[in-house]
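Here is the structure we will look at.
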Amino acid sequence: MRYLLNVCIAPPLLVCVLALTLVSVFPKVGLAGDPATGISAAGRGGKSLSTLDGKPPLVIGHRGASGYLPEHTLEAYQLAIDQGAEVIEPDFISTRDGVLIARHDPNLATSTDVASRPEFADRRRVDWPVDGEKQTGWFAHDFTLAEIKTLGAVITDPERPQENNGKFRVVTMQEIFDLAKTQSAKLGRAIYVYPETKNPTYHRDLGLPLEDKLIAALSAEGWNSRSAPVFVQSFEPSSLKEMRRKGLKTRMVQLVDGDDIDLKTGKITYAIPFDRPYDWCKSGDDRLFADMVTPSGLAEIGTYADGIGVWKPYIVPLKGRMGRAGQLVDVNGDGKVDLRDAATQPPTALVAQAHKRGLFVHVFTFRNEQRRLASSYMGDPQAEYLQFFRLGVDGVFTEFPDTAVTARSVYLREDGH
Ligand SMILES: [Ca+2]
């Protein structure tokens, strides 16, 4: 990227020749900076960044600005955009009449006010299996879109602001795509969408497959290309592979999950349904999500996807402090042992290993709350972002995009970026 700055002082003709040469040699480097962030790839000081493409890491509004407003609503996505996110991130499930809507779970019990609606009391299912886990609640595939549109969205975290519960509607894929296009035109910067096929095998088993509808909608928007402002994601490899096979050309992202962290060992733990993707579970493939981030796992992902979306401890492991009797210590003395008592461990080599194979790395999920932060960050969410930005991650899924944008500004000012 330093080359581009040198070009600026060359004679005009040479500028053109060199610029054309450099664009062909470095096709991912934009002369006018990153269209998403509007920030120069080289930064003010001319140093390249350690992301895969040398551009600033993306701020991805996870379910919108869901730390502030009920998730997956137009209002939450709009707030993410207003706060400076380049990307809005919807999860897609299906209604009974086959319309893709944005919800994190087919079960609407916690993300809507359906439980308070007597007219839908008889739709409640008990011990209904979702990806091998029994759930009780109201499921989107038992409702038409018209019925779901009568529900109010609810913030899913009981410790977050509740005052907007019930005010906003569940939204369709099309409404989200329309918002991204309208806002892109209004703001003069690309608003990316990052759709996820959610529980894709489960939906296929219900006769409500998601993939064809997503491909058709992206194609209708003129977004079925590698350069489109789109990242398509899934936890299930077979969903991504199917979409590739059916002609989807956008960038695709393999998500890598885990269940919890064993604070005694600092290791990620695996339990249903967060042990392996459900398509592996159903087909008898006994590998775990952990196997996706081995060299052979990354090589396999590279055959059908362009990047990985990984849980934070795959990059920065966390571990509690052990007492003399072999017990975990309540470091902050609040009477319980949790994340706030854990310290960051030396980072893994995953970012470098993925980059070596040409895969970008997006990381989930960043949140402001003290209860979500390891002790090493001293209660400062920006410190967590900064650690990951310095490790070269290509994007962060955040529920507080304003904090991520501020932290990124700090990062870009470091060392002349
Ligand atoms: Ca504690």
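Values in this text are rule-based calculations from the coordinates and carry no lab data. Note that the structure is a prediction, hence the values are computed from the model and not measured. Methodologically, a virtual Cβ is constructed for each residue, glycine included, from the backbone with ideal geometry; neighbour enumeration extends over all protein chains shown.
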Could you list, bin by bin from short to long, the percent of Cα-Cα pairs of the chain in 20 Å steps? 25, 58, 16, 1
So which residue, out of P313, P90, P346, gets the largest mean-square fluctuation from a GNM of the chain using Cα contacts under 10 Å as springs? P346
From the phi angles alone, apply the Karplus equation (6.51, -1.76, 1.60; θ = phi - 60°) to segment 111-127 and give each ³J(HN,Hα) in whole Hz, x where the residue is Gly or Pro. 9, 9, 8, 4, 5, 9, 9, x, 5, 10, 4, 7, 8, 5, 10, 10, 6
Which distance in nm do the two modelled labels at K246 and A290 give, with both placed 7 Å along the Cα-to-Cβ direction? 3.4 nm
Using a Gaussian network model of the chain whose springs link C-alpha atoms within less than 10 Å, name the residue from P273, P57, P195 with the highest mean-square fluctuation. P273
Between R321 and residues 5 or more places away or on another chain, the pairs with built amide H atoms under 5 Å apart involve V329
Under 19 Å from the Cα of K264 - lysines, other chains or at least 8 residues apart: K312, K319, K336
Sequence gap at least 6, Cα distance under 8 Å: using those rules, report the relative contact order of the chain to the nearest whole percent. 16 percent
Most mobile listed residue (E89, E211, E175) in the chain, GNM with C-alpha springs under 10 Å: E175
